[in-house]
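Only one structure is covered here, and it is reproduced in the block below.
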Amino acid sequence: MSRRYWLTLVREEENGEDALWYASRLIESGLYRQAFYDGSVRTPEDFLSLVRNPNGYVFLSKDIRTGLPAGHVHINNFAGKTCQTHFSILPSHHGRESVRMGIEGADQLFELYRAPSELMLTSLIGITPVENKLAVRFLTLCGYKLMGEIDDICEYADGTFHRGLISVRAR
């Protein structure tokens, strides 16, 4: 099966307009509240601040059929060849399309190289609020294994702490 979605590393000077377009659609849909439950992104400009943060990388998942961003994945919190992943997907691509995008995105992350013959990542970690059942289902359908729950690991924008589910997808 050929790929339908392609990850593009966001660099503001190269594709900042695509990032702003995507962030605007995500905010208009209201899904930014679930994707950025900590309140870190509330405006398109906040999304560009995420892009500028040197402690991670933001990729847009572009639909090959339209050339438009349909989702994003942010990777950060690197430890060895492992990192934390954060996904969001526009409502127009929910359902089977979101799962396909998640699988293809994770597969592409495993294809990143840190040096000519050294893979950058061998496992991806997710920390998801337990009450976000849709996100938990998305992760399992994308091949993440559910490892367990941790109390008070997810801090919401309102300052409350919530139980989080730890998940891992290995190469």
- Message: As a footprinting exposure proxy, order Leu68, Leu124 by other Cβ within 10 Å, with the fewest listed first.
- Response: Leu68, Leu124
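Quick one: order His93, His162, His74 by neighbouring beta-carbon count within 10 Å, fewest to most.
Listing His93, His162, His74 from fewest to most nearby Cβ atoms yields His162, His93, His74.
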- Message: Counting each pair of different Cα atoms once, what's the Kirkwood radius of the stretch 1-115 in Å, rounded to one decimal?
- Response: 14.3
- Enumerate the calculated ³J(HN,Hα) couplings along the stretch 97-102 in order (Karplus 6.51 cos²θ - 1.76 cosθ + 1.60, θ = phi - 60°), each rounded to whole Hz, writing x wherever the residue is Gly or Pro. 4, 5, 5, 4, 4, x
- Query: DSSP loop chymotrypsin sites (Phe, Trp or Tyr not before Pro) in the stretch 65-171 with at most 13 other Cβ atoms within 10 Å of their Cβ, which ones?
  - Reply: Tyr156
- Task: Just rank Arg4, Arg169, Arg114, fewest to most, by other beta-carbon atoms within 10 angstrom.
- Result: Arg114, Arg4, Arg169
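Among DSSP beta bridges whose residues both lie in the chain, state the antiparallel percentage, nearest 5. Write out the running numbers ahead of the final one.
On the way: 35 of 38 bridges.
Roughly 90 percent of the DSSP beta bridges within the chain come out antiparallel.
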- For the chain, what is the calculated [θ] at 222 nm in deg cm²/dmol (nearest 500), taking -39500 (n - 2.57) for each run of four or more DSSP H residues and dividing by its residue count? -9500 deg cm²/dmol
- Item | Estimated vicinal HN-Hα couplings, Hz - the stretch 155-160 in sequence order (Karplus 6.51, -1.76, 1.60; Gly, Pro = x) | 9, 8, 4, 7, x, 7
- Query: Amide H to amide H under 5 Å from Ala70: which residues, 5+ apart in sequence or cross-chain, H placed 1.01 Å off N in plane?
  - Reply: Ser61, Lys62, Asp63
- Report ³J(HN,Hα) in whole Hz for each residue of the stretch 17-24, in order, from the Karplus equation J = 6.51 cos²θ - 1.76 cosθ + 1.60 where θ = phi - 60°; Gly and Pro get x. 5, 5, 5, 5, 4, 4, 4, 4
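No value in this document is a laboratory result; all are computed from the given coordinates. Note that this is a predicted model, so its numbers are computed, not measured. Cβ sites come from the backbone with ideal geometry, for glycine too, and all protein chains shown count toward neighbours.
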